[in-house]
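Trainee: Sharing a structure with you now.
The values are calculated or read from the model by the stated rules, or taken from the named source; none is laboratory data. All figures in this text were calculated on a predicted structure; none of them were measured in a lab.
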Amino acid sequence: MKRKNISVFDIFVYGILTMCFLVMLFPLMYVVAGSLASAKELAQNTFLIIPKNPTLDVYKYISTCAIGLCGCIIHDSEFNSMKVNPIINFAIA
């Protein structure tokens, strides 16, 4: 079996792909960690990758809505459905 020669171009492409992967990985990890962290922990830490005490409270709140996330946004007592983004109202109607 022949071995493929690795050129400088291949190393350059793999380096660029690795950098793109890392640039996309960290924001994703930040969002997931933020959704698993408590409100107190989010207030204390400005940059959070791994929460110390993960919790599913956010997901429990979303699951208690009658219609799901759109129901929480549209029918929340603090918001009038006409004040919410008109695109959301159009998409639901």
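Trainee: I'd like the residue in region 1-49 that is assigned to a helix (DSSP H, G or I) and β-branched (Val, Ile, Thr) and, out of all such residues, is nearest to Lys60 (Cα to Cα).
Mentor: Taking region 1-49 first, the residues assigned to a helix (DSSP H, G or I) are 8-36, 39-44.
Filter again for β-branched (Val, Ile, Thr), leaving 8, 11, 13, 16, 18, 23, 31-32.
Working: Val8: 51, Ile11: 46, Val13: 43, Ile16: 39, Thr18: 36, Val23: 30, Val31: 17, Val32: 15 Å.
For region 1-49, the residue satisfying everything is Val32.
Trainee: Mind counting the residues in region 1-39 that are of a type in the set (S, T, N, Q) and at pLDDT 90 or above?
Mentor: Of the residues in region 1-39, 2 are of a type in the set (S, T, N, Q) and at pLDDT 90 or above.
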